[in-house]
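Notes to accompany the following structure.
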Amino acid sequence: MTGVLILVGGLIHLQDWFELIRNVPKIGPLFLFNVAVSVIVAGLLFVRRGWFGIVAAIGLSVGTLAGFLLARYGTLFEYSEPMWRTTAVLAAVVEVAAAAAAVATIIAKRRSAQAVA
């Protein structure tokens, strides 16, 4: 589930890049970076299902949310998110869900390890 959510977040950023952000200095390239990292992290989660992918998913989701909140309530690299756009809200919801799914995976893995021990 976490991998799917991470991939969806990346796809939302790609759509935003095409429709709105591609010409914004510094932010446009960051959106593409988010897409690339989302694909890599989702791939890790689909193929390996290890701790590194889970922690990377949390870092990506929390970092993306932090960037959005900075841009929405202040500025991020001289860019300010002017309003609550539908895709921005959807991306934020997906990022929260991805982080929650990753944390739930950690909890489940720890409980499983404790049950075996």
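Among residues of region 102-117 that are under 13 Å from Met1 (Cα atoms) and of a type in the set (Gly, Ala, Ser), those with a Cβ under 6 angstrom from a residue that is part of a helix (DSSP H, G or I) and at pLDDT 90 or above, sequence gap 6+ or separate chain, pair up as Ala102/Thr2; Ala102/Ile54; Ala102/Ala57; Ala102/Ile58. For region 21-38, the tally of residues that are surrounded by 15 or more Cβ atoms within 10 Å (Cβ to Cβ) and in contact (Cβ under 8 Å) with a residue 24 or more places away in the chain stands at 7.
Under the condition of being within 13 Å of Glu95 (Cβ to Cβ) and without any contact (Cβ under 8 Å) to a residue 40 or more places away in the chain, the residues counted in region 5-19 number 3.
For the criterion of being assigned to a helix (DSSP H, G or I), free of Cβ contacts under 8 Å to residues at least 40 places away in the same chain and closer than 19 Å to Gly10 by Cα, Ala66 passes.
Inspection of region 5-24 finds a residue satisfying the criterion of being part of a loop (DSSP other than H, G, I, E, B), more than 30 Å from Arg110 (Cβ to Cβ) and out of contact with any Gly (no Cβ under 6 Å at 6 or more places or on another chain).
Screening region 16-72 for residues that are of a type in the set (Gly, Ala, Ser) and in contact with a Ser or Thr (Cβ under 7 Å, 6 or more places away or on another chain) and picking the one that is modelled with the highest pLDDT gives Ala57. If you take the residues of region 68-106 that are surrounded by fewer than 17 Cβ atoms within 10 Å (Cβ to Cβ) and aromatic (Phe, Trp, Tyr), which of them is nearest to Glu19 (Cα to Cα)? Restricting to residues being surrounded by fewer than 17 Cβ atoms within 10 Å (Cβ to Cβ) and aromatic (Phe, Trp, Tyr), the top hit is Trp84. Does region 69-79 include one or more residues that are part of a loop (DSSP other than H, G, I, E, B), of a type outside the set (Ser, Thr, Tyr) and touching a residue at least 40 places away in the same chain (Cβ under 8 Å)? There is at least one residue in region 69-79 that is part of a loop (DSSP other than H, G, I, E, B), of a type outside the set (Ser, Thr, Tyr) and touching a residue at least 40 places away in the same chain (Cβ under 8 Å). For region 2-14, state whether one or more residues are modelled with pLDDT of 95 or more, more than 19 Å from Ala97 (Cα to Cα) and not acidic (Asp, Glu). No, every residue in region 2-14 fails to be modelled with pLDDT of 95 or more, more than 19 Å from Ala97 (Cα to Cα) and not acidic (Asp, Glu).
The values are calculated or read from the model by the stated rules, or taken from the named source; none is laboratory data. Small disclaimer: the values here were computed from a predicted structure and weren't measured. Virtual Cβ from ideal backbone geometry, glycine too; neighbours counted across all protein chains shown.
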